[in-house]
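The values are calculated or read from the model by the stated rules, or taken from the named source; none is laboratory data. Because the structure is a prediction, the values reported are computed rather than measured. Neighbour counts are summed over all protein chains in view; Cβ atoms, including those assigned to glycine, are modelled from backbone coordinates with ideal geometry.
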């Protein structure tokens, strides 16, 4: 079966950086699965996999905009130190999830955003909300292990998760707008 929108696709993969170093791979617990055509993987990779047959092995190199996005300096945030617990053990390089809210609408839902700690000073903690691979050309070495039609339940579950994600993104957008 060929990959098309509405299929569940199982992949084994290695993700490599520009130097060829493996930065991520499908784990020993099994392959990665995703619903094709629903934005669960980088858009450039999804486009390259459209029409590929089960059993195919391929390497796909993506430019930053096709993979994890361009690096955005506006996603570097200095958060006052008093916004973190005094006893928090945070060091540069840590990945932390922070809550974001729309300062213009205190009744709006609070969203969450994954960030990397860049710098710590007595007054602030500098966070980077860019994807760790943003701005980098990446290569996926992968094998399409299985392709099957998604059930109506799988598609409905994905669509309900999309609605939740959109609600979270609206809260994040409100936060960034209020910072300007």
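Summary of values
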| item | result |
| --- | --- |
| Subset of region 17-32 that is surrounded by 13 or more Cβ atoms within 10 Å (Cβ to Cβ) and more than 19 Å from residue 47 (Cβ to Cβ) - its residue that is farthest from the chain's Cα centre (by Cα) | 31 |
| Among (1) in contact with a helix residue (DSSP H, G or I) (Cβ under 9 Å, 6 or more places away or on another chain); (2) under 30 Å from residue 127 (Cβ atoms); (3) in the same structural domain as residue 145 (by TED's automatic domain parsing), the one test that residue 58 misses | (2) |
| Residue in region 152-173 that is at pLDDT 90 or above, under 27 Å from residue 67 (Cβ atoms) and under 18 Å from the mean Cα position of the chain (by Cα) present | no |
| Residue 142, sole failed condition from (1) in contact with a strand residue (DSSP E or B) (Cβ under 9 Å, 6 or more places away or on another chain); (2) assigned to a helix (DSSP H, G or I) | (2) |
| Search result, residues across region 28-42 that are under 18 Å from residue 154 (Cα atoms) and in contact with a strand residue (DSSP E or B) (Cβ under 9 Å, 6 or more places away or on another chain) | 31, 32, 33, 34, 35, 36, 37, 40, 41 |
| Some residue of region 68-89 being closer than 19 Å to residue 16 by Cα, touching a strand residue (DSSP E or B) at 6+ places or on another chain (Cβ under 6 Å) and not in a loop (DSSP other than H, G, I, E, B) | no |
| Unique match (being under 23 Å from residue 8 (Cβ atoms) and part of a loop (DSSP other than H, G, I, E, B)) among 40, 107, 24, 19 | 40 |
| Residue that is crowded, with 17+ Cβ neighbours inside 10 Å and at pLDDT below 95, where the choices are 66, 89, 112, 107 | 66 |
